[in-house]
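The structure under discussion appears below in the form of structure tokens.
The values are calculated or read from the model by the stated rules, or taken from the named source; none is laboratory data. Values in this document were obtained by computation on a predicted structure and should not be read as measured data. FYI the Cβ positions are ideal-geometry reconstructions off the backbone, even for glycines, and counts take in every protein chain you see.
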Amino acid sequence: MKIAVVGTGYVGLVTGTCFAETGNVVNCVDVNKAKIDQLKKGKCPIYEPGLDVLLQRNIKEKRILFTTDLKAAIDKSDIIFLALPTPPGEDGSADLKYILNVAEDLSEIIKEYKVIVNKSTVPVGTAEKVAEVLGRKLAPELFDVVSNPEFLREGIAVDDFLKPDRVVIGTSSDRARDVMNELYQPFVRQGNPIYFMDERSSEMTKYVANSYLAMRISYMNEVANLCELTGANVDLVRIGIGSDSRIGKRFLFPGIGYGGSCFPKDVLALHHTSKQNKYDFKLLDTVMKVNKNQKKVLFGKIKRFYKNSLKGKKFAMWGLAFKPETDDIRDAPALELINEILNAGAEVTVFDPEAMANVKAIFGNKIKYARDQYTGLKEADALLIVTEWSEFRNPDFERMVKNLKSKVVFDGRNVYSLEKMEELGFYYNSIGRKIVN
Ligand code: NAD
């Protein structure tokens, strides 16, 4: 099949590459010329495990091509995916300007039947809005608009896309349904379902999934805070509840608040949709408040330990990305923590396996960047763990002890066992567990 993907970011690039991998010819379009130039040279602009290998193979086979020319890409394609940003507007609603502007451009370009697919996370009613914009210039038989939300997780995006738990497709057109069904067959060979539904339900499904996951994290963060006050250990409580099949083991890890480009904006957008419909969705309101507080929890622990006197203190920070296995720092808890440290007159040297360049673009020389995870510890008063990268889980503790000025660790991700830290003589303050030493 011949496909265009408009927007070559985290979602667009993975989508385009995976469709090319199953034999389709994909033209990826982006307005960011630097990104397209990089991709044309075969360089992957993001860190996403497994993506680079697939990208190289499909570039070599000429199944994936890159351009800034929307018309050229559309003319060569039958299916057009929109993988464009939908950031929060001032009122919290998803800003649809990228989607609707491209829809307007498409209405000038399209000359024969195309299926236009919303891959972006968009509010209920967006498929109708896109159809309305297209319909101003195009006859109805020249297009169908489909909602096909994406559920991939950064860090395992390729796997998620190639083997999705389910594919959700919202369309009221039989013709578009057949096209989408054929396109996705290679991805559901193991028997995972494609759910066809109306556009509105499909659009809603994505927001409800992300908001539910954000709520689950927030619930466990509240449980962790209560565990600290009562002397219970949240890790044991997590295991205790997770073995109940009604609850399930996944997504129960407490921490320092959810971040990333999706959960915060999607909860906000669903909350806005509720308000627009004059529905008071109290749970969502609370989820946002809980998360805001949780992002401050680690800094609160640090302030208490140093009795509010942080001036001149030196910290080492491990982890910047909003989660492991990505270079994405959008809405990452690390950013807020760095700001708080700097505002308190302290210094911080950071290390992250993949996200250093993105953080440097924001903080420049206001903070220091370590060459590796150990050099940043030199002369540091304490280590702060912010992202649970695998390489932080089993470090060389002797080297840590040698480099750190004091054996003090604040862990926002519960990376170490209390017993181990007790044995090594660290002051160790984590989330939802007793303070050691
Ligand atoms: P992104 O910012 O990484 O990528 C968007 C791309 O669109 C950028 O490269 C940008 O330059 C390009 N762009 C902007 N305007 C354009 C235009 N007029 N024409 C062509 N390209 C244009 O965003 P993302 O993380 O890939 O997210 C895209 C959408 O997918 C959002 O709605 C997001 O909520 C949703 N989503 C994201 C994830 C995720 O994990 N990142 C997962 C599921 C869904």
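Flag set for GLU388, criterion: buried (at least 16 other Cβ atoms within 10 Å of the Cβ), charged (D, E, K, R) and either within 23 Å of LYS323 (Cβ to Cβ) or modelled with pLDDT of 95 or more (or both).
Of all residues in the stretch 68-121, those that are assigned to a loop (DSSP other than H, G, I, E, B), small (Gly, Ala, Ser) and within 9 Å of the ligand (Cβ to nearest atom) total 2. Of the residues making up the stretch 14-60, not one is without any contact (Cβ under 8 Å) to a residue 24 or more places away in the chain and of a type in the set (Phe, Trp, Tyr). Please verify whether ASN429 is touching a helix residue (DSSP H, G or I) at 6+ places or on another chain (Cβ under 9 Å), within 19 Å of GLY255 (Cα to Cα) and modelled with pLDDT of 95 or more, treating the condition exactly as stated. Yes, satisfied. Checking ARG304, ARG246, ARG250 one by one, the residue that is under 30 Å from ASN394 (Cβ atoms), surrounded by fewer than 19 Cβ atoms within 10 Å (Cβ to Cβ) and either small (Gly, Ala, Ser) or not assigned by TED's automatic domain parsing to the domain that holds ASP411 (or both) is ARG250 and no other. Identify, please: which residue in the stretch 128-177 is of a type in the set (Gly, Ala, Ser) and more than 14 Å from the ligand (Cβ to nearest atom) and is, among those, farthest from the chain's Cα centre (by Cα)? Filtering the stretch 128-177 for residues that are of a type in the set (Gly, Ala, Ser) and more than 14 Å from the ligand (Cβ to nearest atom), the one farthest from the chain's Cα centre (by Cα) comes out as ALA139. PRO264 meets the stated requirement of being within 16 Å of the ligand (Cβ to nearest atom) and outside the structural domain of VAL117 (by TED's automatic domain parsing). Of the residues PHE281, PHE315, the single one that is outside the structural domain of PHE392 (by TED's automatic domain parsing) and either among the acidic types (Asp, Glu) or more than 15 Å from the ligand (Cβ to nearest atom) (or both) is PHE281. Would you check if ASP327 is among the acidic types (Asp, Glu), in the same structural domain as VAL408 (by TED's automatic domain parsing), buried (at least 20 other Cβ atoms within 10 Å of the Cβ) and within 16 Å of the ligand (Cβ to nearest atom)? Here the answer is yes, as ASP327 does meet what is asked. Within the stretch 5-22, is even one residue in a loop (DSSP other than H, G, I, E, B), within 11 Å of the ligand (Cβ to nearest atom), small (Gly, Ala, Ser) and surrounded by 15 or more Cβ atoms within 10 Å (Cβ to Cβ)? The answer is yes; a qualifying residue exists.
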